[in-house]
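Scroll down for the structure; my scribbles are underneath it.
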Ligand SMILES: Cc1cc2nc3c(=O)[nH]c(=O)nc-3n(C[C@H](O)[C@H](O)[C@H](O)COP(=O)(O)O)c2cc1C
């Protein structure tokens, strides 16, 4: 076990001759690796000619002074059709065997993923056609042994009999109802910001739609208004411009989220951090709460509505928006958009979507003690589709919209405390 745990990737080497005997032992260890059907279709090329090393490093762009290289090729032309994976697995095990024995003999290795152009490496080393380089290993005497980069907890990645999904690791995999706010706060605090908004909520794909939904909102001067979990300042800025006398505040779920939103704001606004749980906002202190679009991405919307009820003044108003897609067709479209944004953005940037429709939202609002004042509907003008099916879909959507307001894309509720 020590040979495994004490092996490190070595990135700097010293100039010292490499013993042929040791090198041979390492190559032998590679050759003793298991291989699919014991086909042993690997080929090892030891590169110690300084001129070839220079050319190799100009391909990999990873100069590693005083190292020689071992390139592990696999003859995929001789593999059975469809067994590329088997070939790659076999070559990878050979590489690991080689690196472990190198370590046990006091040598250092560095596997290189950034091959940049495997074909160029093949050409440089005169590999036969179809024999692919799988691994390139820098090999030499270590200049220094780095401290071990940590491994995550084993229990997180070991499953028994089936996958047991950890919410924090696969946030989009699970139904939104399974989350509670503390967990969201924890998740949000841990995520890395990759530009754009941080994301338990959605990506910016629907922001234009959101923008259109702002028109019916009215905020009085001197009102204290709280934006809940904003995922973009792009809908706060226009409201701030329209209602400059309103005292606006934001509630975010993490420092990072707050930081990002504040960087987008035209004027700085007070930002509370930590969701309802940790921000300690005072009851009955807001004239307006705005949950624009992100509502359907919130865990336990029932709890959120109870918190909103608590924070609102007796005469306060709640604006809450959501997809109004009662129609299965529109719902499907929403989900397609979501799928698009999922493929375009890091996985955690799009949160779970509640399977809510406006009727259910009305019911939840009533259960939380609200009465609905008005409902507004917003439609998005989509580009003219290129396909016949697309055109047909759009025609049906237009017809549905004419027949029933609930078939529009987005719904904005204006609600008050019932009692
Ligand atoms: C397939 C693969 C490719 C790698 N590519 C590189 C690389 O291009 N450059 C590099 O410095 N390290 C590379 N590494 C080394 C990893 O960064 C290293 O294994 C990891 O950080 C863990 O550190 P350890 O090997 O010391 O335990 C690679 C490792 C593997 C398995």
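Any read-out appearing in this document is the output of simple, stated calculations on the displayed coordinates, not a laboratory observation. Since the structure is predicted, the reported quantities are computational estimates derived from the model, not experimental observations. All Cβ positions, even for glycine, are placed from backbone atoms using ideal geometry, and neighbour counts span all protein chains on display.
Here are a few things to note about the model shown:
- Protection proxy ranking of 270-282, 143-155 - average other beta-carbon atoms within 10 Å, highest first: 270-282, 143-155
- Ranked from largest, the principal axis spans of the Cα set of segment 57-166 equal 46, 44, 25 Å.
- Cα gyration tensor shape of segment 7-77, rounded if a/c is under 1.5, else prolate or oblate by comparing a/b with b/c: prolate
- For peptides 23-30, 38-45, sequence by mean Cβ density within 10 Å, most packed first: 23-30, 38-45
- Taking each residue as 0.36 nm, the span from residue 266 to residue 279 lengthens on full extension beyond its C-alpha to C-alpha distance by 2.3 nm.
- The gain in end-to-end length when the residue 143 to residue 416 segment is fully stretched comes to 91.3 nm, 0.36 nm per residue minus the alpha carbon separation.
- Computing FRET efficiency as 1/(1 + (r/R0)^6) for residue 237 and residue 2, where r is the C-beta to C-beta distance and R0 is 51 Å, gives about 0.30.
- Taking packing as the residue-averaged number of other Cβ atoms within 10 angstrom, the listed peptides 92-101, 9-18, 105-114 run from highest to lowest as 92-101, 105-114, 9-18.
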